[in-house]
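The values are calculated or read from the model by the stated rules, or taken from the named source; none is laboratory data. Bear in mind that the values here come from a model prediction, so they are computed numbers and not experimental data. Here Cβ is always computed from backbone atoms with ideal geometry, including for glycine, and neighbour counts include all displayed protein chains. The area values use the complete protein model at the heavy-atom level, side chains included, leaving out ligands, DNA and RNA. Shrake-Rupley method; radii C 1.70, N 1.55, O 1.52, S 1.80 Å.
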Amino acid sequence: MKLINIGFGNMVSASRLITIVSPESAPIKRIIQDARDNGVLIDATYGRRTRAVIVMDSGHVVLSSIQPETVANRFIQTDEVQEDEEDEDE
């Protein structure tokens, strides 16, 4: 299981991640509010401004204070490391 750092030492499972989006649009704000109402919102911002919204396959919504591009780059780097490890095993 590969984990992605979403800031302040918090991690999410790379295999459970569906999307990483910016919180600026009205539909994303509704998703955040619905998750809060349903008890599936995880706020990992430590009181800072939300810059990335991560939707998980379990229905959980995770708020992060780092840019979506940064989270995506960490996700890509995780995939590259995993592929390199698989190549070494062969």
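Show me the strands (runs of 3 or more DSSP E) found entirely inside segment 1-88 where at least 2 residues are without any contact (Cβ under 8 Å) to a residue 60 or more places away in the chain and hydrophobic (A, V, I, L, M, F, W, C).
The strands (runs of 3 or more DSSP E) meeting that bar are 10-13, 17-21, 41-43, 52-56, 61-64.
Filter segment 69-89 down to the residues that are within 11 Å of ILE6 (Cα to Cα) and either of a type in the set (Val, Ile, Thr) or modelled with pLDDT under 70 (or both), then identify the one that is surrounded by the most Cβ atoms within 10 Å (Cβ to Cβ).
VAL71
Of the numbered conditions (1) more than 12 Å from LEU63 (Cα to Cα); (2) under 13 Å from the mean Cα position of the chain (by Cα), SER22 fails exactly one; give the number of that condition.
The failed condition is (1).
From the list ILE32, ILE54, which residue is under 19 Å from ILE4 (Cα atoms) and open to solvent by less than 30 Å² (accessible area, probe 1.4 Å)?
On the way: ILE32 fails: under 19 Å from ILE4 (Cα atoms).
Checking each option against the conditions leaves just ILE54.
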